[in-house]
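Quick note: the coordinates plus some simple rules give every number you see, no bench work behind them. All values reported here derive from a predicted model rather than from experimental measurement. Cβ: placed from backbone, ideal geometry, glycine included. Neighbour counts: every protein chain shown.
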Amino acid sequence: MLVEYKNVNIYQQDGSKILSDVDFKVDEGEFVYLIGRVGSGKSSLLKTLYFELDVKEADTAMVLDTDLTTLRRKHIPALRRQMGIIFQDFQLLTDRTIYKNLRFVLRATGWKKADVDARITEVLELVGMKSKMNCMPHELSGGEQQRVAIARALLNSPKMIVADEPMGNLDPETAHTIMEILRHIAQTGTAVIMSTHNMPLLEEFPGIVYRCVDGRIEEMTSDYNKMQIEENLEEEPVQESNDEPIMILES
């Protein structure tokens, strides 16, 4: 189990409680969605996963076999190297090329100089951005920058990727392409945990669904899938023919 939360209370930086009694789990290769309104606690939950927010109250709060209630700050860099983080606003370094953005990460995480070029080429090929490695971030579209952000998240072969509204600044077609990349990553065994407001993506790319609502989190995968089936049945057009009308019955 990569993430296991039982009765976790999550507080914002100002000390106000945003989520209570959180039960949440993620295993290898799973694709997990966090949905809910703005301010419902999605981002705060994700921040606990990459240790931006502390967890002080919990029956169980384990991430990457580490107890968050006793986590020491000096251990955070090593733990973060086991995950990739993708933000809505890309957060690329604007004063250097794509290649140098990725090289900066690899050198900061202890890669040998001889291995750096091969790894950068590998991850950029995976997201279809090898030809752009010598471009500056401002020369790329939003979708291209997000592809680079995904490549950056993959550099250290993470066990899980945490993505906070990664489609928020993208048009629907580009968002679809990014989702295909993330789904492929999950199929290779890396868990993907993604917050989103883009509900149509959940229909096309099914996964485990959690919803933040009224200060709590609920797992609603089966309920969501049932709701989508019912909506699809309601939208199914009545078939017509020259014979008697064919009625589409809902079960």
Point to revise | Single condition residue 33 does not satisfy, out of (1) within 17 Å of the chain's Cα centre (by Cα); (2) at positive phi; (3) part of a strand (DSSP E or B) | key: (2)
**Study point:** Options 126, 170: the member that is in contact (Cβ under 8 Å) with a residue 24 or more places away in the chain and either in contact with a Gly (Cβ under 9 Å, 6 or more places away or on another chain) or aromatic (Phe, Trp, Tyr) (or both)
**Key:** 170
Review point. If only one of 38, 55 is more than 20 Å from residue 168 (Cβ to Cβ) and part of a loop (DSSP other than H, G, I, E, B), which one is it?
Key: 55
Exercise for review: Test residue 36 against the criterion of being touching a Leu at 6+ places or on another chain (Cβ under 7 Å), in contact (Cβ under 8 Å) with a residue 60 or more places away in the chain and of a type in the set (Gly, Ala, Ser), and give yes or no.
Suggested key: no
Exercise for review: Could you tell me which of the residues 96, 72, 80 is out of contact with any Cys (no Cβ under 9 Å at 6 or more places or on another chain), over 24 Å from residue 221 (Cβ atoms), surrounded by fewer than 14 Cβ atoms within 10 Å (Cβ to Cβ) and among the basic types (Lys, Arg)?
Suggested key: 72
Study note, to complete from the structure: Picking from 93, 106, 102, the residue that is touching a residue at least 40 places away in the same chain (Cβ under 8 Å) and in a loop (DSSP other than H, G, I, E, B) would be 93
Exercise for review: Could you list, in sequence order, all residues of the stretch 112-153 that are assigned to a helix (DSSP H, G or I) and small (Gly, Ala, Ser)?
Suggested key: 114, 118, 131, 142, 143, 149, 151, 153
Exercise for review: Collect the residues in the stretch 144-194 that are more than 23 Å from residue 30 (Cβ to Cβ) and surrounded by fewer than 17 Cβ atoms within 10 Å (Cβ to Cβ), keeping them in residue-number order.
Suggested key: 169, 171, 172, 173
Check your understanding: Here are 186, 163: which of them is under 23 Å from residue 102 (Cβ atoms) and outside any helix (DSSP H, G or I)?
Key -> 163
Practice item. Can you give me the number of residues within the stretch 148-177 that are within 19 Å of residue 34 (Cβ to Cβ) and either within 11 Å of the chain's Cα centre (by Cα) or of a type in the set (Lys, Arg) (or both)? Key: 11
**Study point:** Filter result (β-branched (Val, Ile, Thr) and touching a helix residue (DSSP H, G or I) at 6+ places or on another chain (Cβ under 7 Å)) within the stretch 49-62
**Key:** 55
Practice item. For residues that are crowded, with 16+ Cβ neighbours inside 10 Å, more than 15 Å from residue 23 (Cβ to Cβ) and of a type in the set (A, V, I, L, M), tally how many sit in the stretch 195-214. Key: 2
